[in-house]
Amino acid sequence: MMAATTGRRLGRTGRSTSALGVGCWAIGGPFEFSGRPAGWGEVDDEVSIRMIHTAVDAGIRLLDTADVYGAGHSERVVGKALAQLPESVRAEIVVATKFGNRFDETTRKASSQQVTPAVIRDACEGSLRRLGVEAIDLHQLHGGVDTPAAADDVVATLEQLVAEGKVKNFGTSVDDPAMIATFGKSADAVSVQTQINVFGHRAEVLTAAHEQDFAVLARTPLAMGLLTGKYDLSNRPAADDVRRDTPWWTYFDDDPMADWLRRLEAVRELLTTDGRTLVQGALAYLWALDPVIIPLPGARTPEQVAEHAAAIAIGPLSDSTRTEIDTLLAGSPERL
C-alpha cells in the first residue's frame, strides 16, 4: 500500500485534498444539449445529498460538478449538501465546477459554448449563487476554446476573478497540451481534467500536466459505468441516458460494446486482486499509473460512493499488475 493514496496536493497550491473525488454529473438529472439527452436519468435529490454526505464522512474532500449539469441542478444539490455540513468540515472540501456552456435553467436545455469575458463572469456569478459559496475553489474551462490565443483571454478573465476573490484557483477541462501550457503561464492555474481509465489515456496530457505541476483530475475513471461490471449486451443504460447517445464514448454503442466487454473480461481478475471489487480495482489502477491523478468516479447513491471510498484504504495496484493490464489492453483504441 502506498501512502500517496491518503491525499493529494492540488497542483501548485499548498492546499491538499483527497486522493479521490466525486463526479456530480449524474445527480444533475435530465437535461438536453443540442436536442440530445445529456443527463443520466431521473434522480432523487435527497438521495444525492446523502451520497455527498456519505462521501464526506468517508474522507472524500473533492466534489466535481459543472454549471451545465442538469442545467444548474447539480450545483444546487451540491450547494444544499454543503450547507448542511459543519463549517469546519465545509472548509476542507474543494468544490470544483466548470463553465463554458450556455443553457437555460428553466427549460433545462443547453445549445452552445461561449467564453467571452462577460459570459465567464455571468457563469461565475451563477455558480456562486447555486453553490451558495463566496468563492469557487476550482473553476474549470469546460469548452468553447480552440486555440491558445483564445485561451489567453479566458485566463486573463479568470485571473481577474481570482483578484476579486470570486475564484480561488482555476484549471482546464480542455486537455490539449497547448491549452495546458497556456493555462500554465498563470500562477493561479492548478489542474487539468482529462479522460483516463484502464482502457487508455493520452500520455502527452500527463506529460504536459507534470511540466506545469498540475493536478490531473481523471474523468470517466469507470468508463461511464462499464467498469462497474453492472452492464452487458442485454442490460444497458436507458435510451434517454446520455451514455446511449453521445459522440464522446462508444462503451454502450451497439457494435463496439461487445469489444469493450471482452477487454474488461481480459483484466477482470487482475483488477480484483487483494479483495478489491471491480470498481475499486479500476480506481486502484489509476493511482498506480501516476500519483498526480485524482479519479472522479460519478455516484448517485450512498452505497456507490461508499464502495469508491473504500478503495482508498486498499491502495493502488502493484506496478507489476498495472504493467500486466497495460500489456493486455495494448490494442485498446483508447491506447493507440
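Remarks
- Taking packing as the residue-averaged number of other Cβ atoms within 10 angstrom, the listed peptides 280-287, 264-271 run from highest to lowest as 280-287, 264-271.
- Per-residue ellipticity at 222 nm, computed for the chain from helices alone with -39500 (n - 2.57) per DSSP H run of at least four residues, works out to -11500 deg cm²/dmol.
- Rounded tilt (10° steps) of 278-289 against the dominant C-alpha axis of the chain: 70
- Along each principal axis, taking the top coordinate minus the bottom one, the Cα set of region 295-336 gives 35, 23, 12 Å in descending order.
- Remark: for residue pairs 80/166; 109/185; 109/166; 98/185, the C-alpha separation exceeds 29 Å in 109/185.
- Degrees between helix 73-83 axis and first principal axis of the chain (Cα, 0 to 90, nearest 10): 80
- Within the chain: Cβ-based charge dipole about Cα centre, in debye rounded to nearest 20 (Lys, Arg +1; Asp, Glu -1): 420
- Whether the chain is rounded, prolate or oblate, judged on the alpha carbon gyration tensor where a/c under 1.5 counts as rounded: rounded
- Comparing 197, 227, 158 along the charge dipole axis of the chain, the residue lying farthest to the positive side is 158, per the Cβ-charge model.
- For region 177-336, the Rg and Dmax computed from alpha carbons only, in angstrom: 15.9, 49
Every read-out reported here was derived from the displayed coordinates using simple, explicitly stated rules and does not represent laboratory data. Quick caveat, the model's predicted, so the values are computed rather than measured. As a convention, Cβ positions derive from the backbone with ideal geometry for all residues, glycine included, and neighbour counts pool all protein chains shown.
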